[in-house]
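The values are calculated or read from the model by the stated rules, or taken from the named source; none is laboratory data. The structure displayed is predicted, hence computed values, not measured ones. No Cβ is skipped: glycine too gets one built from the backbone with ideal geometry, and neighbour counts run over all protein chains shown.
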Amino acid sequence: MKTRYKIHRLFYNIISKIYDLCISVYFNKEETNPRNAVAKLITENDKTLLDICAGTCQNSIKIAKSNSNIKVTAIDRSVKMLDVARHKILKDNISNIDLKAMDATNLKLENKGFDVVVISLVLHELEEITQQKILLEIHRVLKDEGKFIVVEWDRPKTVGRKVKFAFIELIEPKSYKKLMQQDMKIYFEKVGFEIDNTVLCDYTKIYKLKKAYKQ
């Protein structure tokens, strides 16, 4: 697993400069872009947000621009991805994003410190044990009444979109297919979350979750 972990980090270091261009092929419609949909789930009552495995900070930047009062902490293992994010943040003169190089399975962050946690297009790339470690860490750092937002791939239904999406399915690891077959309600319940709402976007589904409490 450690070898796969290193390969995963190396891959994102290599593609860091073209990642935004690659993903824009799938998210090129303003009204159905998942980045915009995530930003719309953030309210003025949300003061602190953690973006897990933030990459080039597409979500963080969109959220920070939409709400200048929110403090965003964006973490990623890939220093190269964060370098790209830093350049974009400086270019747009954004002051409410704090970048940190950090392992999502072992967050060096306080318990219940965030109103919102976001993780986008990450879980499907990881082995199940790593997924669970990250989700349990998220549960720990999220406030009791906080919201947890997950963006994951969603197989398209139309022929044209299936053809376009075929490349994604070709390059994704085995863990992708396994996650796509999961009952997501049960999947999240295992780590202490329940689905509050879902939003369909281009090639993706957004899960808005909250902490589950036993009766």
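Taking the criterion of being hydroxyl-bearing (Ser, Thr, Tyr), within 19 Å of the chain's Cα centre (by Cα), over 20 Å from THR130 (Cβ atoms) and at pLDDT below 95, no residue of the stretch 147-198 qualifies.
Can you tell me which residue is nearest to GLU137 (Cα to Cα) among those in the stretch 65-106 that are of a type in the set (Gly, Ala, Ser), in contact with a helix residue (DSSP H, G or I) (Cβ under 8 Å, 6 or more places away or on another chain) and surrounded by fewer than 24 Cβ atoms within 10 Å (Cβ to Cβ)? Write out each step before concluding.
Step one: list which residues in the stretch 65-106 are of a type in the set (Gly, Ala, Ser), which gives 66, 68, 74, 78, 85, 95, 101, 104.
Adding the requirement that they be in contact with a helix residue (DSSP H, G or I) (Cβ under 8 Å, 6 or more places away or on another chain) leaves 66, 74, 78, 85, 101, 104.
Next, only the ones that are surrounded by fewer than 24 Cβ atoms within 10 Å (Cβ to Cβ) stay: 66, 101, 104.
Working: SER66: 27, ALA101: 16, ALA104: 8 Å.
Checked the stretch 65-106; the qualifying residue nearest to GLU137 (Cα to Cα) is ALA104.
Taking first residues from the stretch 167-194 that are over 30 Å from VAL25 (Cα atoms) and partners that are part of a loop (DSSP other than H, G, I, E, B), the Cβ contacts under 6 Å between residues at least 6 apart in sequence or on separate chains come to GLY192/ALA212; PHE193/ALA212; GLU194/ALA212. Contact map, the stretch 26-41: residues that are over 11 Å from GLN58 (Cα atoms) paired with residues that are outside any helix (DSSP H, G or I) and of a type in the set (Ser, Thr, Tyr), Cβ distance under 6 Å, separation 6+ or inter-chain. Pairs shown: TYR26/TYR203. Looking at VAL116, is it part of a strand (DSSP E or B) and not small (Gly, Ala, Ser)? Yes, satisfied. For SER78, indicate whether it is on the phi < 0 side of the Ramachandran plot, over 15 Å from the mean Cα position of the chain (by Cα), at pLDDT below 95 and not charged (D, E, K, R). So SER78 does not fit the description; no. Looking at the stretch 136-215, the helices (runs of 4 or more DSSP H) lying wholly inside it that each contain 1 or more residues that are of a type in the set (Phe, Trp, Tyr) and in contact with a Pro (Cβ under 8 Å, 6 or more places away or on another chain) sit at 159-171.
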